[in-house]
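Okay, so here's the structure we're looking at.
The values are calculated or read from the model by the stated rules, or taken from the named source; none is laboratory data. Model, not experiment: these values are computed from the prediction. When we count neighbours, we look across all protein chains shown, and the Cβ atoms used for this are built from the backbone with ideal geometry, even at glycine.
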Amino acid sequence: MTATVPLRLLVNGERHDISVEPRRTLADALREDCQLTGTHLGCEHGVCGACTVLLDGQPARACLIFAVQCEGVSIRTVEGLSADDENLHPVQQAFWDHHGLQCGFCTPGFLMLAAGTLEEDPERSDEELRDILSSNLCRCTGYQNILAATRAAAAQMRP
Amino acid sequence: MKPSSFDYVRPNTLQEALELLADGTEDSKVISGGQSLVPMMNFRLARPARLVDIGRLSELEVIRTVDDRVHVGARVRHVQLQNTPLGGPLGSLLRRSAALVGHLPIRTRGTFGGSLAHSDAASEWCLLTRLLDAEITVRSIRGERVIPAAEFFVSVFTTAMEPDELLTSVALPVLPDDHRTGIAEFARRAGDFAIVAVLGDVTVSDGTVTAARIAIGGVDDKPFRSAAAEKALLGGTFGLDLLQSAAEAAADEVDPPSDAHGDAVYRRDLVRALLPRALAAGAAA
C-alpha cells in the first residue's frame with residue numbers, strides 16, 4: 001500500500017522526475033521532492049490558500065490535489081513568477097511597493113492567486129478583485145494593502 | 001493532516017473506469033475534482049483503500065443542449081458553469097449559483113458531478129438539481145439508469161448510487177423566458193457552505209404565478225423542496241407580498257437542525273429572509 005510510484009512533474013518549465021506515494025499532495029511533493037519550498041502549507045484542507053499554485057494557468061489549492069493527479073499538467077509556483085531577482089513579476093513588484101505583506105507566510109499564495117487571475121484578465125473590476133482575494137487568508141495585513149497591490153498590478157498588466 | 005495510504009488508478013476510458021468500479025475492490029472511491037473528498041481524506045474522515053481518478057475522461061467535461069434539455073457532464077468544473085454562455089433563466093441561475101460555490105481556486109478544480117455525488121445538503125448544485133427536477137444519469141458495467149433528483153439524494157453524503165456506478169451526466173430543463181429564477185444564501189464568510197440557501201423557479205403569466213418550485217438547503221439532511229411555499233405561491237399575484245407569505249409558509253414547514261453554525265430558530269429566520277430575496281433579485285436578472 002505504501003509503495004511509491006514514479007512520476008514526472010512539469011514545474012516552472014522544468015521536469016522533475018520523482019517517486020511518491022499516491023497520498024502525497026502536490027504541495028508536499030513540491031516542497032519535499034522538488035525542493036521548491038516557496039509554496040507554503042497552512043491549513044492543509046483548502047481553507048487558507050497559502051499553497052495556491054497555478055495548474056495550466058489556473059489558481060488551485062496544492063493541498064487539495066495529489067501529485068499523481070498532476071502528470072501532464074503545467075505547474076507554476078512562486079519560484080516561477082520572475083525570471084531573476086532584478087526583474088520581479090508585476091504582482092511581486094506591486095506587493096513590494098504597496099506593502100502587501102507583513103510576515104510573508106501567506107504571500108506566495110496571494111501572489112499566485114493574483115498573478116493567475118490577472119494574467120488571464122487584467123481588466124477585472126474592483127468587485128471581482130475583492131471576491132478573488134477573499135479566497136485566501138492573511139492574518140497580518142488586514143487585506144487593504146493586498147487589494148491596493150493587486151489593483152496596482154492590474155493597472156501595470158493592462159495592455 | 002495527511003491522508004492515509006491508498007492505491008491509485010487513473011483509467012483512460014469510461015469503460016475502463018466502470019470495469020475498475022466493478023472489480024470487487026473494497027472501499028474504492030471515485031475522485032473527480034477532489035475539492036470535497038481530499039479535505040475529508042486529509043482529516044482522515046475518509047480513508048478509501050483505492051482512488052479511481054476519472055480526470056482523463058474528457059467526454060464527461062461537455063455541456064450539450066439537446067432539444068429542451070441541457071446535459072451537463074459529470075466533470076464539468078464549477079468555473080465552466082460560472083462562465084457559461086447559456087441564455088435564459090437557466091443560464092442566469094447556473095452562473096449565479098456557481099459564483100457561490102467555494103472560492104475561485106476551488107471552482108477551477110471542483111466538478112458538478114462530484115458535488116452531486118458528495119451530496120452535501122447545503123450544496124448549490126444539489127439544491128439546483130432538486131429544484132429543477134433534474135435527471136441524473138449513472139453508468140455501470142450492468143448498464144445505465146436515470147435517477148430523478150427527488151430519489152437521488154438519500155441523506156448527508158449518501159446518494160442512491162451503487163458502489164459500482166459512476167455519475168456521468170445530468171439533464172437540466174431549458175427554462176423558457178416566463179420563468180423567474182434566483183438564489184440567495186447566507187454564510188458567515190464568503191466561500192463557506194451556506195447556513196441556509198434558497199433557490200426558486202417560478203413561472204409568471206400575466207402577473208400570476210402558474211408554477212413554482214422552491215428548494216432550501218441547510219434545513220434537512222438532503223436538499224428540501226418546500227411544498228408549503230410552492231402551494232402558497234401558486235395562483236398568487238407575483239410580488240413581494242406573495243413572496244413574503246410563501247416565506248412564512250416555508251419557515252413554518254421546515255424542521256431545521258441546530259448546530260454550532262445556527263440553531264433551528266435562526267435557520268427559520270434565514271428561510272424567511274432569504275426566500276423573498278432569492279426571487280426578488282431573480283426577477284431583475
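Remarks
- A:Thr107, sole failed condition from (1) of a type outside the set (Phe, Trp, Tyr); (2) farther than 20 Å from B:Ala190 by Cβ; (3) touching a helix residue (DSSP H, G or I) at 6+ places or on another chain (Cβ under 9 Å); (4) surrounded by fewer than 23 Cβ atoms within 10 Å (Cβ to Cβ): (4)
- Here B:Gly207 qualifies as over 22 Å from B:Leu116 (Cβ atoms) and surrounded by fewer than 24 Cβ atoms within 10 Å (Cβ to Cβ).
- Any chance A:Leu54 is more than 9 Å from every other protein chain (Cβ to nearest Cβ) and hydrophobic (A, V, I, L, M, F, W, C): yes
- Whichever residue in region A:1-43 is of a type in the set (Asp, Glu) and in contact with a Leu (Cβ under 9 Å, 6 or more places away or on another chain) and, among such residues, is farthest from B:Gly102 (Cα to Cα): A:Asp17
- If the condition is being over 18 Å from B:Thr111 (Cα atoms) and assigned to a loop (DSSP other than H, G, I, E, B), then region A:33-46 contributes A:Cys34, A:Gln35, A:Leu36, A:Thr37, A:Gly38, A:Thr39, A:His40, A:Leu41, A:Gly42, A:Cys43, A:Glu44.
- Looking only at region B:155-197, and only at residues there that are surrounded by 15 or more Cβ atoms within 10 Å (Cβ to Cβ) and out of contact with any strand residue (DSSP E or B) (no Cβ under 7 Å at 6 or more places or on another chain), the one that is nearest to B:Trp125 (Cα to Cα): B:Phe193
- Filtering region A:86-95 to residues that are assigned to a helix (DSSP H, G or I) and either aliphatic (A, V, I, L, M) or free of Cβ contacts under 8 Å to residues at least 40 places away in the same chain (or both) leaves A:Val91, A:Gln92, A:Ala94.
- The conditions of being of a type outside the set (S, T, N, Q) and within 25 Å of B:Arg69 (Cα to Cα) are met by B:Ala212.
- Taken over region B:38-49, the criterion of being buried (at least 17 other Cβ atoms within 10 Å of the Cβ), at the interface with chain A (Cβ under 9 Å from one of its Cβ atoms) and touching a residue at least 40 places away in the same chain (Cβ under 8 Å) is satisfied by B:Asn42 alone.
- Residue within region B:4-13 that is crowded, with 21+ Cβ neighbours inside 10 Å and at the interface with chain A (Cβ under 9 Å from one of its Cβ atoms) present: yes
- None of B:Arg213, B:Arg267 is buried (at least 22 other Cβ atoms within 10 Å of the Cβ), assigned by TED's automatic domain parsing to the domain that holds B:Ala194, closer than 19 Å to B:Glu185 by Cβ and basic (Lys, Arg) except B:Arg267.
- Complete set of residues in region A:28-51 that are touching a Phe, Trp or Tyr at 6+ places or on another chain (Cβ under 7 Å) and away from chain B (no Cβ under 11 Å): A:His40, A:Ala50
- Meets criteria (farther than 23 Å from B:Ile214 by Cα, at pLDDT 95 or above and away from every other protein chain (no Cβ under 14 Å)) for B:Pro105: no
- Only listed residue being closer than 19 Å to B:Ala99 by Cβ and in a strand (DSSP E or B), chosen from B:Val202, B:Val198: B:Val198
- Subset of region A:60-85 [in a strand (DSSP E or B) and within 14 Å of chain B (Cβ to nearest Cβ)]: A:Ala60, A:Arg61, A:Phe66, A:Ser74, A:Ile75, A:Arg76
- Meets criteria (outside any loop (DSSP other than H, G, I, E, B), of a type in the set (A, V, I, L, M, F, W, C) and not assigned by TED's automatic domain parsing to the domain that holds B:Gln15) for B:Val72: yes
- First in region B:227-246 and not assigned by TED's automatic domain parsing to the domain that holds B:Leu132 and among the β-branched types (Val, Ile, Thr), second anywhere and at pLDDT 95 or above and in a strand (DSSP E or B), Cβ under 8 Å, 6 or more apart: B:Thr237/B:Thr208; B:Thr237/B:Val209
- Residue within region B:101-113 that is within 30 Å of A:Cys51 (Cβ to Cβ), aromatic (Phe, Trp, Tyr) and crowded, with 23+ Cβ neighbours inside 10 Å present: yes
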